[in-house]
Structures are given as structure tokens and as C-alpha cells.
1. Would you pick out the residues in the range 20-42 that are touching a residue at least 24 places away in the same chain (Cβ under 8 Å) and part of a loop (DSSP other than H, G, I, E, B)?
2. Show the residue pairs that are 6+ apart or on different chains and have beta-carbon atoms under 7 Å apart, the first residue being within the range 51-68 and without any contact (Cβ under 8 Å) to a residue 24 or more places away in the chain, the second being basic (Lys, Arg) and surrounded by fewer than 20 Cβ atoms within 10 Å (Cβ to Cβ).
3. If a residue must be in contact with a strand residue (DSSP E or B) (Cβ under 8 Å, 6 or more places away or on another chain) and open to solvent by less than 30 Å² (accessible area, probe 1.4 Å), how many such residues does the range 67-106 contain?
4. Does any residue of the range 125-136 turn out to be surrounded by fewer than 17 Cβ atoms within 10 Å (Cβ to Cβ), touching a Pro at 6+ places or on another chain (Cβ under 6 Å) and over 12 Å from Tyr85 (Cβ atoms)?
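The values are calculated or read from the model by the stated rules, or taken from the named source; none is laboratory data. Note that the coordinates shown come from a computational prediction; the quantities given were computed from them, not determined experimentally. Positions of Cβ are backbone-derived with ideal geometry, glycine not excepted, and every protein chain shown enters the neighbour counts. All accessible areas refer to the heavy atoms of the entire protein, side chains included, with ligands and DNA or RNA removed. Shrake-Rupley method; radii C 1.70, N 1.55, O 1.52, S 1.80 Å.
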Amino acid sequence: MWRLRAHIGYWVARQLFQWRWLVRQPRAWIWMQGQFARLAAQGNVPAQSFYGHLLLFRGQGFGAREEGKRLLRLAATGGDGKAAYQLGLLCLNGDTQQAPDAVEAVRWWTLASNAGHPLAAHRLARLYRDGGPGLAADSGLAAQFERRSGELGLI
């Protein structure tokens, strides 16, 4: 019963999320976030990805950003390519807590590429062609991921 309620609430909140004026209403926004959080907490990978992105880019404060990263990690390990791609970007860019790490970016982008994310394969090809922080250039792997991005539809 609770799972069904969480799915219905999430679906309604996602529909309402498209109405900009409603998102700006504090009570409606709090309700929507509750619906997103409820389904994400139940282990729903698409909900974890959506709410993780939402917290990462629109969350209030450092805690929201960290929770967004945590949800994206859960979604990425659950097979969500978009979440894995975003984590790769975060690793390659670095922040005040960690230096840029190309090896970790490769790990996430490989996961995203395996999940069918064409831009992840393209970014892997570029990273292997040019090298990066902690990662030596490798033309063989660059060519392999360039072919993979072509297979996934990115020219």
C-alpha cells in the first residue's frame, strides 16, 4: 500500500513540477520534494537520479548538495547512465573537498557508457586522447570509446 502511494505521489509531483508558478509556491514545493524523497528512499533508481540531480543543482546549502551526490551514486550503481555521467563530471571538475580525479571520472563514465549514455563514451574518448589529472593518454582506448560513442548514436 505504501509503495503504491509513493509511486502515485511521485507521479503527481513530477507532473506538477512542470508548472513553474506552482514550483515557486513554498508549500507546494515542500510537498513535491517530500514525494521525490519518499520514492528515492525506497530505492527507486529513476527517482534517486531525478531527486539527486534536483538537490545537486537546486538544493539549498551544502547538505543538499551532498545528499544529491549520494543519491546520484545510488542511482549510478543501480544502472542509471545519466547519474553516472554527472558523477564523472563532478569527479573531473573537482571541488573544495577533492582535487580533480580523471581515474574516478573514467570509472563513472565507463559505467554510463555501458548503460548506453553516448556523451559519456565521447567524453571518455577525449579524456583518453588528451590525458587528465592522474590519467595518462592512451590512443587505443580513445579509439575504442570513439567507436562506442558512434555505436550509441553520437557522431
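1. Within the range 20-42, just Gln42 meets the criteria.
2. Pairs found: Leu55/Arg65; Gly59/Arg65.
3. Matching residues across the range 67-106 total 3.
4. yes
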